[in-house]
Amino acid sequence: MPFPGADAALQSFLLAFSALFSIVNPPGSALIFAQVTAGRTHAERTWLARRIGAYAAAVMLVSLWAGAWVLSFFGISLSALRIAGGLVVAAQAWTLLSAPEQREARKTAQAEPVQGSEDDPEPAALAEIAFFPLTLPFTTGPGTIAVAIALGAGRPDAGADRLAYLAGASAASLAIAVLILLAYASADRLVARLGHARARVLGRLAAFLLLCVGTQITLTGVTDVLGPLIASARPGSVP
């Protein structure tokens, strides 16, 4: 027998997974990860993949659970957050659709300092680069944080549906972190099998899906703002 709120949890999982997958794009990022860690051994890349997966999960979960609360502390309403977050997501998606090569080059530049050298102490050197720049901003940058905060802001007000929504979104964040770990750990084989052309096609499809998600988040925020105004303007309504 399904637990109460299973439908809400499943819906939030699908929404969060599609949004986060589109912005993180583990297969596409793995291709760049393989390039910028070409000077590392397979064991070192696997170690980095585990750390990056754990750090990425922490970034997404903290943004999902506490991001909206932090913003509300500064007096920012959830409706404003939904509108702004949706616009940021949609703008990011449009950038991915219009100029994916520029984004790929920027990510490569962000992660460029991770090339190894014979003088690097291990694993201290790997620990230093695992969070910055490989996790932030390379894997889970401002776009990912904005998506997670916007998802957290879309949670129901209270009750079992709220917990189910957050549980589903949290599960999606963990699933994305696992995909990051697997994609980065097998980056060499992914490059050989997928290739750059297919990775770019996958990125374009994911970007279009992300554009739709960003539009939906923005429409939800606009509806929250305009709904009470329209209702109060109807004849016979109580001001």
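Kindly indicate whether any position in the range 49-56 is basic (Lys, Arg), farther than 17 Å from Phe132 by Cβ and crowded, with 19+ Cβ neighbours inside 10 Å.
Quick first cut of the range 49-56, residues basic (Lys, Arg) only: 50-51.
Then keep just the ones that are farther than 17 Å from Phe132 by Cβ; that gives none.
Looking through the range 49-56, none of the residues is basic (Lys, Arg), farther than 17 Å from Phe132 by Cβ and crowded, with 19+ Cβ neighbours inside 10 Å.
Working carefully through the options Thr144, Thr108, Thr135, find the one that is at pLDDT below 80, farther than 15 Å from Thr41 by Cα and either hydroxyl-bearing (Ser, Thr, Tyr) or part of a loop (DSSP other than H, G, I, E, B) (or both). Don't jump to the end; show me each part of the working.
Numbers: Thr144 fails: at pLDDT below 80; Thr135 fails: at pLDDT below 80.
Going through Thr144, Thr108, Thr135 in turn, just one is at pLDDT below 80, farther than 15 Å from Thr41 by Cα and either hydroxyl-bearing (Ser, Thr, Tyr) or part of a loop (DSSP other than H, G, I, E, B) (or both): Thr108.
Which helices (runs of 4 or more DSSP H) sit wholly inside the range 1-75 and have at least 2 residues that are under 15 Å from Ala172 (Cβ atoms), modelled with pLDDT under 85 and not charged (D, E, K, R)?
Values: elements: 6-24, 26-36, 42-73.
Helices (runs of 4 or more DSSP H) meeting the threshold: 6-24.
List the pairs whose first member sits in the range 172-198 and is more than 17 Å from Thr37 (Cβ to Cβ), whose second member is among the polar types (S, T, N, Q) and in a helix (DSSP H, G or I), and whose Cβ atoms are under 8 Å apart, counting only residues at least 6 apart or on separate chains?
Correct list of pairs: Ala172/Ser12.
Answer with yes or no whether Gln92 is at pLDDT below 80, over 15 Å from the mean Cα position of the chain (by Cα) and not in a loop (DSSP other than H, G, I, E, B). Reasoning before the result, please.
Details: at pLDDT below 80: yes; over 15 Å from the mean Cα position of the chain (by Cα): no; not in a loop (DSSP other than H, G, I, E, B): yes.
Against the criterion (at pLDDT below 80, over 15 Å from the mean Cα position of the chain (by Cα) and not in a loop (DSSP other than H, G, I, E, B)), Gln92 does not qualify.
The values are calculated or read from the model by the stated rules, or taken from the named source; none is laboratory data. Quick caveat, the model's predicted, so the values are computed rather than measured. Cβ: placed from backbone, ideal geometry, glycine included. Neighbour counts: every protein chain shown.
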